[in-house]
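Note sheet for the following structure.
The values are calculated or read from the model by the stated rules, or taken from the named source; none is laboratory data. Since this is a predicted model, take the numbers as computed values, not measurements. Here Cβ is always computed from backbone atoms with ideal geometry, including for glycine, and neighbour counts include all displayed protein chains. Surface areas here come from the heavy atoms of the whole protein model, side chains and all, with no ligands, DNA or RNA. Shrake-Rupley method; radii C 1.70, N 1.55, O 1.52, S 1.80 Å.
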Amino acid sequence: MLNTNPNTSQKKHPALAYLFRLGSSRSVITISNCLKHIAVILGASDIETADWAKLKRNHWTEIKRTLTEKGCSGATQNLYLTAFKTVAKEAWTLDLIPQSSYLKIQALKGVKYERLPKGRSLTGKEAGGLLAACDDGTNQGKRDKAMFALMLGCGLRRAEVVQLEMKDWDCCNRSFCFIGKGNKERRVFVPKKIDPIIDEWLMARGLEDGIFFPRICPGADKSKLLFRTMQPSSIYRILQKRARLAELGKVRPHDLRRTFATRMLEQGCDLFILQRAMGHTSVATTSRYDYRGETSREEVCKHLDVFLQL
C-alpha cells in the first residue's frame, strides 16, 4: 500500500509533474482521474497525499485486480498502466525511487485485446447531407458548415478547430498552420471543394484578427459574432443539432476525423503521410482510423442478400 504523506506539497511531486507536462486539458482530466483512482486503490486519499516514492511493481497487481473486478476494458487497463508507469518514471527522474524499482515497473506488459473500432465513417452522401443541413442563410449556419467541412476535409480534432485563429490561415496557400495536440505544429491544406465554403464564411466573418470560428450571440440575433473561444463540447452540441436535421442518426465529432482518414486511404494515400497529416505520433494510432473494412463487409452482405434473393 502507498503510505500517505501530509508534507508532500513541500517536496518534489512526480504525479503533479506528470500532469503539468500534459499539453491537452482533456488529457489532464483523464490522467488525473486515473491517478486519483490508483491512489485510492493503494490506500491514499488523493493524488497529493499519496507517497509515490513508495511505488513498487507488485502495486500494479492490486490495481489490475481491482480494474478487472469492475469490468474495465483492456483499453482502460492499459491507460491505467501507462499512467502508473509514467508516474513511476517521474519519481525515478526526481530521484525518489531506486532504478531497480523503476526498471521492474517499466517491464510490465499491457493487456492484449482486439476490439472493433468505435464510431463510424460517414459516406459521401451523409457528409454532403450534414453540410447541406447548415445552409440556413445565417452566419451561424455558414460558420457551422465551414467548421464541419474543415473537420471532414482536413481531419482536425474539435479541440483544434475551436483554437484556430485568423493568423493561422494562409490565404495564398489555402492552408492552416497551428499547434495541435501534443504541442505539435502541423500544416493542413484545404481541399479545393471546400475552398468556396471557407471563403463564404470569411465574407461573413470578416478578416480581422482573432478566433477563426467565434461564438454566435445567443438569443434572437443569430448573426452577431462574439470573438471568444468556443468550448470543444460546443462542437458536439452543434453537430447533434445539424445531424438531426440531416437525419444521420448518431454522429460524434471524432467521426468526422475518422471520415477524413478513411477517404484518404480509399484514395490511395500512404499511411505514413496520413499519420503526419493527422498529427499522430504512432502510425499504429492512424491505422485505427481505417474504416474501409467495415464498408467492404457491408457491401459483401448486400451482394450476398441479392445472391440469396433475400
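Just a few scattered comments:
- Between the listed residues Ala107, Ile198, Ala149, the Cα displaced farthest toward the positive end of the dipole of segment 72-201, a dipole computed from Cβ unit charges relative to the Cα centre, is found at Ala107.
- Point-to-point label distance, Phe189-Lys56, nm (Cα→Cβ direction, 7 Å offset): 5.8
- Rounded to the nearest 20 debye, the dipole magnitude of segment 64-216 is 960 debye, with +1 charges on Lys and Arg beta carbons, -1 on Asp and Glu beta carbons, and the Cα centre as origin.
- Volume of the convex hull of segment 141-219 (Cα atoms only), normalised per residue: 96 Å³.
- Relative contact order (%) - the chain, alpha-carbon pairs under 8 angstrom, separation at least six: 16
- The chain: most fluctuating residue of Arg157, Arg65, Arg258 per GNM, C-alpha cutoff 10 Å: Arg65
- Highest-fluctuation residue, Met147, Met264, Met203 considered, GNM on the chain with Cα pairs under 10 Å: Met203
- Relative contact order [Cα under 8 Å, 6+ residues apart], segment 129-179, whole percent: 19
- Label-to-label distance, Leu202 versus Glu266, with points set 7 angstrom from Cα along the beta-carbon direction: 2.8 nm.
- Distances between placed amide hydrogens fall under 5 Å for Glu165 paired with Phe212, all partners being 5 or more residues away or on another chain.
- Rolling a 1.4 Å probe over the protein heavy atoms gives segment 137-282 an accessible area of 50 Å² per residue.
- Protein accessible area in the chain, 1.4 Å probe - carbon and sulfur %: 54
- Charge dipole (debye, nearest 20) of the chain; +1 at Cβ of Lys and Arg, -1 at Cβ of Asp and Glu: 660
- Convex hull volume per residue in cubic angstrom - Cα atoms of segment 89-190: 176
- When the charge dipole of segment 70-128 is built from unit charges on Cβ atoms (+1 for Lys and Arg, -1 for Asp and Glu) and taken about the Cα centre, the candidate among Gly119, Pro98, Val87 whose Cα reaches farthest toward its positive end is Gly119.
- Cα lying deepest toward the dipole's positive end in the chain, options Ile235, Gln77, Ala159, charges on Cβ: Gln77
- Backbone HN-Hα couplings from phi across segment 240-256 [Karplus 6.51/-1.76/1.60, Hz, Gly and Pro as x]: 4, 4, 6, 5, 5, 5, 8, 6, 9, x, 6, 9, 9, x, 6, 5, 5
- Label zone at Ser234, where the point sits 7 Å out along the Cα-to-Cβ direction: segment 250-280 residues whose backbone N lies under 17 Å: 253
- Nearest-20 debye value, segment 6-148 charge dipole, Cβ charges on Lys, Arg, Asp, Glu: 440
- Applying 0.36 nm per residue to the separation of Lys89 and Val40 and subtracting their alpha-carbon distance, the gain on full extension is 15.7 nm.
- Karplus (6.51, -1.76, 1.60) ³J(HN,Hα), θ = phi - 60°, over segment 188-202, in Hz, Gly and Pro reported as x: 10, 9, 7, x, 4, 5, 8, 3, x, 5, 5, 5, 4, 5, 5
- Using the rule -39500 (n - 2.57) for each DSSP H run of four or more residues, divided by the residues of the chain, the 222 nm mean residue ellipticity is -16500 deg cm²/dmol.
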